[in-house]
Amino acid sequence: MLDVLIVPMTSAYAVEIVGWRYPPPYDIYDMTDGDPGFLTNPENGYFALTDETGLIGFRLFGADGQVPGGDYDDSALDTGGGLRPDLTGKGIGREAIRTGLEFGQQRFHPRAFRVTIATFNVRAQRVIAALGFHQIGTFPATADGRSFGIWIRPEAA
Amino acid sequence: MLSRVEPMSAETAAAITWWYDLGALAGDLVLAARGEQGRIWRLQTSRGSWAVKELLFPVEEAQAARDVEFQLAARSAGIPLPMPRRTRDGQVVLPADRAAAARAIRVYQWADLAPDQVVTPAEVGAVTASLHLLEREAEPGPVEAWFSEPLGESAWADLLDDARRGGAPWEAALGRWLPDLIALDGAVSPPDPARTMTCHRDINIENIRCSADGGVVVLDWENCGPAEPARELATVICDLATELSPDAAQAGYAAYLASEGPERLDSVGDFAMAAAAQGHLLQFYSRRALDAGESAENKTRSAKRLHDMLSQPLTLAWAGYLLDLIGSQAALLYRRQHCYFVVVLPAASV
């Protein structure tokens, strides 16, 4: 059994992450032309997920987890992330998100977590529903009209 | 040991002074130190004191010019180092025939060191961070085998056989560590060209020294070349742990982070460069120590280095221990234990 670790985002990890490419329809998560410097800037809230094999994914906390077009307020901390493409669909994502949430609780003490997920991404919706999130609404993204759902999980004070 | 070395002639001193435009000669070349790659002589002229490095191995001018360029960039960024000199015709290396010497020469401004004073781990960490923050050309070329390739199981076995045949005093220690050293080879993966940059590649407490006028001075830049900075950081942490203490490694890493060093150590793979270099160094010293044609000075030196290195070599366990040590302090932000299994499918099913 492997441990999942959260460590600071390094430039090497960031370079690797912006190079990740997912098969359609998940290619909307490709960071094509992404700037590794954005990921390493602590203000943007990106953290690396690793295990004994190296980088396996990332988690982010803050406004970069929002999708333009959605109706957001300050009542919750947005979170998101990604998994190395070759690890998707193997049940690792749930542990990666769970690890991120535990870390986020410990570090940021939010009143609630909020995630925004493309409506077509049933796989991710199942995972976050299992982790206690509830959908509170949907909206079309400003960029391309694609439908996204907003999910909330209140946290114990 | 040093007194047995053939002195440099007055003719050599005069040639060096003229070629490097050092003013008027004001004394003989005095032997000051001996490293693996060269002997250091001190030369006094009307323009000051100079470190004359007698190169024990051939050095290409192009390589020397590259390391000078890196040194100048580091110096411009505020990293203290002895200023390298060029000859009147712009060369870094003065060929042996021009120097009227047995070997080629390089010259640096002399740096007065504080005697018997060792740098702190925090100073080593801070200097390493400064070096990693330098703006440098990415992908400066392939990383040489010395820093990137494992020795390989058969070479390790040969090393032990040679030690047995030669009745070497390090045979027992090498035999004891051999399975661990071979296992460590498995952690040596090729460097990622996208992550390589020009690095010093020889940062240790012998090359970061306390300056007589306060602060530190960084020496021995001739090994600089392409490497992954994270892997260089791992070699620094290893060196601090073995040369000083695990606490020193922890303090050095903390200082690196506090100085905004951009790299993080989080997997055994980060120790690939340290592992590769360790293997090649052990092989180098072993061959040298057992070579009947080698000088007594070199054989003694090499045997001592083998003894020191084999008292606590880098192994997977040691790398894991160092990772835990530094991870518990700063790099590791959160650990979720026993999360998932890795299922390895047989190749036919992939």
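The values are calculated or read from the model by the stated rules, or taken from the named source; none is laboratory data. These numbers come from a predicted model, not from an experiment. Cβ sites come from the backbone with ideal geometry, for glycine too, and all protein chains shown count toward neighbours.
Can you name the residue in the range A:108-127 that is of a type outside the set (Gly, Ala, Ser) and within 14 Å of A:Ala156 (Cα to Cα) and is also surrounded by the fewest Cβ atoms within 10 Å (Cβ to Cβ) among such residues? Lay out the reasoning, then the answer.
Keep residues of the range A:108-127 that are of a type outside the set (Gly, Ala, Ser), which gives A:108-111, A:113-117, A:119-123, A:125-127.
Within this subset, residues satisfying the condition of being within 14 Å of A:Ala156 (Cα to Cα) are A:108-111, A:113.
On the way: A:Phe108: 14, A:His109: 10, A:Pro110: 19, A:Arg111: 12, A:Phe113: 26.
Here the residue is A:His109.
Working only within the range B:249-307, note down all residues that are part of a helix (DSSP H, G or I), of a type in the set (A, V, I, L, M) and under 22 Å from B:Gly186 (Cβ atoms).
Residues of the range B:249-307 that are part of a helix (DSSP H, G or I), as a first pass: B:249-258, B:268-290, B:296-307.
Within this subset, residues satisfying the condition of being of a type in the set (A, V, I, L, M) are B:249, B:251, B:254-255, B:257-258, B:268, B:272-277, B:281-282, B:289-290, B:296, B:303, B:306.
Correct list: B:Val268, B:Ala272, B:Met273, B:Ala274, B:Ala275, B:Ala276, B:Ala277, B:Leu281, B:Leu282.
Please specify each residue of the range B:62-109 satisfying the condition of being in a helix (DSSP H, G or I) and within 14 Å of B:Glu222 (Cα to Cα).
So in the range B:62-109, the residues in a helix (DSSP H, G or I) come out as B:62-76, B:96-99.
Within the range B:62-109, B:Ala62, B:Gln63, B:Ala64, B:Ala65, B:Arg66, B:Asp67, B:Val68, B:Glu69, B:Phe70, B:Gln71, B:Leu72, B:Ala74 meet the criteria.
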**Request:** Kindly indicate whether any position in the range A:139-149 is more than 22 Å from A:Thr50 (Cβ to Cβ) and among the acidic types (Asp, Glu).
**Result:** yes
**Complete:** Note: among A:Gly89, A:Gly132, just one is touching a residue at least 24 places away in the same chain (Cβ under 8 Å), closer than 28 Å to B:Arg335 by Cβ and assigned to a loop (DSSP other than H, G, I, E, B), namely A:Gly89
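Conditions tested, residue by residue: (1) modelled with pLDDT of 95 or more; (2) of a type in the set (D, E, K, R); (3) not assigned by TED's automatic domain parsing to the domain that holds B:Pro179.
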{"residue": "B:Ala241", "(1), (2), (3)": "no, no, no"}
{"residue": "B:Ala248", "(1), (2), (3)": "no, no, no"}
{"residue": "B:Glu260", "(1), (2), (3)": "no, yes, no"}
{"residue": "B:Ala272", "(1), (2), (3)": "yes, no, no"}
{"residue": "B:Ala292", "(1), (2), (3)": "no, no, no"}
{"residue": "B:Met309", "(1), (2), (3)": "no, no, no"}
{"residue": "B:Leu345", "(1), (2), (3)": "no, no, yes"}
**Request:** Tell me which of these A:Asp27 doesn't satisfy, since it passes every other one: (1) exposed (fewer than 14 other Cβ atoms within 10 Å of the Cβ); (2) over 29 Å from B:Gly320 (Cα atoms); (3) within 14 Å of chain B (Cβ to nearest Cβ).
**Result:** (3)
**Request:** Return the total of residues in the range B:75-87 being out of contact with any helix residue (DSSP H, G or I) (no Cβ under 6 Å at 6 or more places or on another chain) and either among the basic types (Lys, Arg) or modelled with pLDDT of 95 or more (or both).
**Result:** 6
**Message:** Restricting to the range B:181-206, and then to whatever is out of contact with any helix residue (DSSP H, G or I) (no Cβ under 7 Å at 6 or more places or on another chain) and under 22 Å from B:Ser302 (Cα atoms), can you tell me which residue is nearest to the other protein chains (Cβ to nearest Cβ)?
**Reply:** B:Asp202
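When you look at A:Thr116, is it within 11 Å of the chain's Cα centre (by Cα) and outside any loop (DSSP other than H, G, I, E, B), yes or no?
Numbers: within 11 Å of the chain's Cα centre (by Cα): yes; outside any loop (DSSP other than H, G, I, E, B): yes.
When the stated conditions are applied, A:Thr116 passes them.
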**Prompt:** Within the group B:Ala168, B:Ala172, B:Ala157, B:Ala163, which residue is assigned to a helix (DSSP H, G or I), of a type in the set (Gly, Ala, Ser), crowded, with 17+ Cβ neighbours inside 10 Å and at pLDDT 90 or above?
**Reply:** B:Ala163
**Fill in**
Sole miss for B:Arg86 among (1) surrounded by 15 or more Cβ atoms within 10 Å (Cβ to Cβ); (2) in contact with a strand residue (DSSP E or B) (Cβ under 8 Å, 6 or more places away or on another chain); (3) more than 17 Å from B:Ile208 (Cα to Cα) is condition (2)
**Fill in**
Within the range B:2-42, the residues that are farther than 30 Å from B:Arg305 by Cα and part of a helix (DSSP H, G or I) are B:Ala10, B:Glu11, B:Thr12, B:Ala13, B:Ala14, B:Ala15, B:Ile16, B:Thr17, B:Trp18, B:Trp19
**Restricting the range A:66-93 to residues that are over 16 Å from A:Ala48 (Cβ atoms) and within 11 Å of the chain's Cα centre (by Cα), the residue that is nearest to the other protein chains (Cβ to nearest Cβ)** = A:Asp78
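Which residue is farthest from the other protein chains (Cβ to nearest Cβ), if the candidates are limited to the range A:33-61 and must be under 15 Å from B:Ser267 (Cβ atoms) and part of a strand (DSSP E or B)? I'd like the intermediate steps shown before the answer.
Taking the range A:33-61 and keeping what is under 15 Å from B:Ser267 (Cβ atoms), we get A:48-57.
From what's left, part of a strand (DSSP E or B): A:48-51, A:54-57.
Values: A:Ala48: 8, A:Leu49: 9, A:Thr50: 5, A:Asp51: 8, A:Gly54: 5, A:Leu55: 9, A:Ile56: 10, A:Gly57: 12 Å.
In this case the residue turns out to be A:Gly57.
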**Message:** Step by step: first the residues of the range B:248-279, then only those that are hydroxyl-bearing (Ser, Thr, Tyr) and under 16 Å from B:Val119 (Cβ atoms), then the one that is farthest from the other protein chains (Cβ to nearest Cβ). Which residue is that?
**Reply:** B:Ser259
**Whichever residue in the range B:220-247 is crowded, with 22+ Cβ neighbours inside 10 Å and among the aliphatic types (A, V, I, L, M) and, among such residues, is nearest to the other protein chains (Cβ to nearest Cβ)** = B:Ala230
**Asked** Of the residues that make up the range B:206-226, is at least one in contact with a His (Cβ under 9 Å, 6 or more places away or on another chain), aliphatic (A, V, I, L, M) and either assigned to a loop (DSSP other than H, G, I, E, B) or at pLDDT 90 or above (or both)?
**Response** yes
